[in-house]
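The structure appears below as structure tokens.
Read the figures in this text as sums done on the coordinates, not as results from a lab. What you see is a predicted model, and the numbers here were worked out from it, not measured in a lab. All Cβ positions, even for glycine, are placed from backbone atoms using ideal geometry, and neighbour counts span all protein chains on display.
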Ligand SMILES: [Zn+2]
């Protein structure tokens, strides 16, 4: 059975942001990080396990402890859950704050230096993770989904700026198109029915 991120990836590939691409990657940034890879138009599936545990590639030696038991996994730096928790701790917010209210708080505090530092660090690690995927898979496009899409206003512009600077990628001639999931959070449900 496919997990949520893989269902969402399949939906994006079939109906959404990745429809016109043959080689592409879907990355679901939410409570963790999951993803799927499409190669020559088909989902790339290993015989054993589900594969592409992108969230558990280590991007920092001896970094944050991950739920999987390893340290420094991509998702301990770039899941939306971790980002939210950092912001909540830094600004002393209620842990149960909704995404809508959190966005309002972020807007009010957009000049807060500590907040800017958290977001800058998030974008930095996200670009490192993306470049690792790009260097290995060489996709035509990467789509970002999950609850990341709710925070588009706060994160996307800064992400794009660093992404197109090509700082971390090996192949500086052809950067994959960077897309946002077109089907939003329903993608997982749609994908489960394909
Ligand atoms: Zn992990």
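Numbers at a glance
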item: Principal axes of the chain: Cα extent on each, largest first, Å; result: 46, 37, 33
item: Largest-first ellipsoid semi-axes for segment 108-150, taking √(5λ) over the Cα gyration tensor eigenvalues, angstrom; result: 26, 13, 6
item: Packing rank of 15-24, 126-135, 47-56, where each peptide gets the mean count of other beta carbons within 10 Å, highest leading; result: 126-135, 15-24, 47-56
item: Extension gain, residue 64 back to residue 101 (0.36 nm per residue minus Cα-Cα distance, nm); result: 10.6 nm
item: Tail weight of P(r) past 12 Å, computed on alpha-carbon pairs of segment 128-178, percent; result: 65
item: Gained length - residue 113 relative to residue 47, 0.36 nm times residue gap less alpha-carbon distance; result: 19.0 nm
item: Cα→Cβ-extended label distance, 7 Å offset, between residue 94 and residue 167, nm; result: 3.7
item: Kirkwood Rh, Cα atoms: Rg over Rh of segment 92-170; result: 1.02
